[in-house]
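The block underneath contains the structure these notes are about, expressed in structure tokens.
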Amino acid sequence: MSCQTGIVASSKLATYLASNSHHSDRCIKITIEDEELQLIQNRIAAGDYESDWDRNVMVCVEDDEPCYIFYRLDQKANDGAFNYVFMSYVPMDAGVKNKMLYAATRATLKRIFGDNRIATEFNCTLREELSLQAYKNHVLSKGSAAPMTEAEKELAQVKKDEAAMRSQMSNNSATLPGLNLPATQDLLTNLEKFKKGFINYLQIKLDTETEELKLWDCANIKASELPEKVPAEEPRYHLFNFNHEFEGNNMWSVVFIYSCPGYSNSKVPVKQRMMYSSTKACFLDSLANMDIEIAAKREISEGDEVKEVDIYEMIHPQKHASRAHFIKPKAPSRGGRRLIR
């Protein structure tokens, strides 16, 4: 009962699922604790599935606690066993580790419970998405789609999970569109200012402790000042709106720079390097969703790699009209021609 995450069912959960007692329960809540799947609550059915729903599901789920919910429906399968709704609830402000852990363990829990018992399933990031009305809306939307094979369902779920990790956002939270790490409101505000041209430089720090993106610096600078903005001992993301002339036209072009000291710099922890590297693509997707067009991207290890001429070359790489022709070298000279008399 384990998967790549190493998560196993606790003895209490395994015993409970092996017995027939869980068939009389309406709602079953399971969480991951101490690297095991733990049975937290099992609530007995009192009425039909609709009248039981909100007073069971909405009561046992807490806003900031990830969990799995199995909810028993009233209809039965051909073999006489009840069908269940499987819900995976991982709040948007849950840490990256929890998000990955619950996503990776979901398939294992389904196998332990019995895939054939699950009539429908869905993932939620907001508590209100677990309500009876939300479930009905999910069923209606699912019913409008063409039937899929099991392989197609698995592929669709994988794509949905990937999209969810890149686009978790809510009107009630300061999260960058398309980014799975939260951003401070200060950063969001200054990204809008940058987009509108009020400032031309932003420096963003990824806080590995709080798992959020923070504004570290914002200013109006000249291209010649950019190298000295790059920290020597910490990674950063940089956005610079470069004003320059090209082919007689005045242009503004946004460049994205990911600066990270070389591996010889032992002061940068491996975890920090990995988080910056893995978050970069999501951050760029977020900028695109915010209509901030990136003209060029570069990864550097020190500030001297982004001098003004380097920035210009990033945006307008030199193009050679044609390749140089191969010129056959002259034969070795034997001296001037001599007359033979």
Self-check item: Cβ charges +1 (Lys, Arg) and -1 (Asp, Glu), total dipole of the stretch 1-80, debye
Solution: 380
Quiz item: Can you list residues whose amide H is under 5 Å from residue 301's amide H, if they're 5+ apart or on another chain and H is modeled 1.01 Å from N?
Solution: 260
Exercise. List, in the order given, every pair from 29/214; 196/267; 12/97; 76/97; 29/280; 99/214 whose Cα-Cα distance in the structure shown is over 32 Å.
Key: 29/214; 196/267; 76/97; 29/280
Quiz prompt | Shape category assigned to the stretch 49-140 from the gyration tensor of Cα positions, a/c cut at 1.5 | solution = oblate
Self-check item: Label-to-label distance, nm, for residues given as residue 140 and residue 41 (7 Å Cα→Cβ offset)
Solution: 2.7
Exercise. Any chance you could list P(r) for the stretch 1-103, counting all Cα-Cα pairs in 10 angstrom bins from zero, rounded to whole %?
Key: 14, 44, 33, 9, 0
Exercise. Using a/c under 1.5 as the rounded threshold, could you call the stretch 267-308 rounded, prolate or oblate? The axes a ≥ b ≥ c are square roots of the C-alpha gyration tensor eigenvalues, and prolate needs a/b larger than b/c, oblate otherwise.
Key: oblate
Exercise. Provide Rg and Dmax in Å for the stretch 187-229, with only Cα atoms included in the calculation.
Key: 11.5, 33
Quiz prompt | Spatial separation of Cα centroids for the stretch 17-47 and the stretch 99-132, in angstrom | solution = 13
Quiz item: Looking at the stretch 29-62, which GluC sites (Glu not before Pro) are DSSP coil and have at most 15 other C-beta atoms within 10 Å of their C-beta?
Solution: 35, 62
Quiz item: Remind me, what semi-axes does the stretch 226-274 give for its equivalent ellipsoid, largest first in whole Å, using sqrt of 5 times each Cα gyration tensor eigenvalue?
Solution: 31, 10, 8
Quiz item: Cα convex hull of the stretch 191-305: how many Å³ per residue?
Solution: 107
Quiz prompt | Virtual spin-label span in nm between residue 19 and residue 252, 7 Å along Cα→Cβ | solution = 6.8
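Do any trypsin sites (Lys or Arg not before Pro) in the stretch 237-293 lie in a loop, going by DSSP, with at most 13 other beta-carbon atoms within 10 Å of their beta carbon, and if so which?
Passing both the DSSP loop test and the Cβ count: 267.
With a 1.4 Å probe and every protein chain left in place, work out the accessible area per residue of the stretch 36-140 in Å², rounded to a whole number.
On the way: 4770 Å² over 105 residues.
Solvent-accessible surface per residue comes out at 45 Å².
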Exercise. Report the residues of the stretch 187-203 in range of a label on residue 308: point 7 Å along Cα→C-beta, backbone N strictly under 18 Å from it.
Key: 200-201
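The values are calculated or read from the model by the stated rules, or taken from the named source; none is laboratory data. This structure is a prediction, so every number in the text was calculated from the model and none was measured. A quick note on method: Cβ atoms are made from the backbone with ideal geometry, for glycine too, and the neighbour counts reach across all protein chains shown. Calculation scope for accessible area: heavy atoms of the full protein, side chains included, ligands and nucleic acids excluded. Shrake-Rupley method; radii C 1.70, N 1.55, O 1.52, S 1.80 Å.
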